[in-house]
Amino acid sequence: MPKIDRMLVGEALVGEGNEVAHIDLIMGPRGTPAEEAFARTLCDQKEGVNALLAVLEPNLMVKPATVMFNKVTIKNARQATQMFGPAQRAVAMAVADCVAEGVIPVDEADDIFICVGVFIHWEAQDDAKIQQYNYEATKLAIERAVNGYPPAAKVVALKDRTRHPFQAG
């Protein structure tokens, strides 16, 4: 029986300052909404919202097939370069490492699709931090998705004691 047999959802926030990484992702095997979302994301380009495959280097797409999309409108060449450079490398390496470490079984990798929402702040400057934080956040989001974290009981237990960094008041 496959380890990843349905659509999964993961999230992680890593880092600080303008280079902070906030990853939202879905993943799942062929025949799930994750496959459809992958195809739609890759093929439905709009001004300011772009999708790209996660590649380890040109001509070497990562497996599972992974599409990235920006969560903040790309407004300048620097932001675009950060998405198509350090963020792309980070996401691809995180996916590849999850396969190498067995988080995603290698024998399932050809049949899984991953969609990764990437946040790059419009004032981010440090490409090394962008790459490191996005690597860590993507890897953590995949691990959380595969492990079903957080469980619903934890969310209910903590909901009244949490504080969102951008909440009102």
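Laboratory data are not the source of any read-out in this text; all were calculated from the coordinates shown. What you are looking at is a predicted structure, and each value in this text was computed from that prediction instead of being measured. Here the Cβ is made from the backbone with ideal geometry for all residues, glycine too, and neighbour counts use every protein chain on show.
No solvent, one uniform scatterer per C-alpha: report log10 I(q)/I(0) for the chain via the Debye equation at q = 0.14, 0.16, 0.17 1/Å, two decimals. One equal scatterer on each Cα of the chain leads to -0.72, -0.92, -1.03.
Loop-resident trypsin sites (Lys or Arg not before Pro) (DSSP state other than H, G, I, E or B) in the stretch 1-86 with no more than 14 further Cβ atoms inside 10 Å of their Cβ: LYS3, ARG6, ARG30, LYS71, LYS75.
Between ALA168 and ASP111, the modelled label-to-label distance comes to 4.7 nm, taking each label 7 Å out from Cα in the direction of the beta carbon. Label zone (ASP126, point 7 Å along Cα-to-C-beta; backbone nitrogen cut-off 16 Å) within the stretch 87-118: 87. For LEU8, the amide hydrogen comes within under 5 Å of the amide hydrogens of MET27, GLY28, counting only partners 5 or more places away or on other chains and with H modelled in the peptide plane.
What the Cβ-Cβ distance of LEU60 and GLU36 gives, at R0 = 30 Å and to the nearest 0.05, is a FRET efficiency of 0.75.
Mean-square fluctuation check for the chain, GNM, Cα pairs under 10 Å: which of ALA96, ALA124, ALA51 is largest? Looking only at ALA96, ALA124, ALA51, the largest GNM fluctuation is found for ALA124. Evaluating 6.51 cos²θ - 1.76 cosθ + 1.60 at θ = phi - 60° for every residue in the stretch 131-145, the Karplus couplings come out as 5, 5, 5, 5, 4, 4, 5, 5, 4, 5, 5, 5, 4, 5, 4 Hz, glycine and proline recorded as x. For the stretch 31-38, the Karplus equation 6.51 cos²θ - 1.76 cosθ + 1.60, evaluated at θ = phi - 60°, returns couplings of x, 9, x, 5, 5, 5, 4, 4 Hz by residue, with Gly and Pro reported as x.
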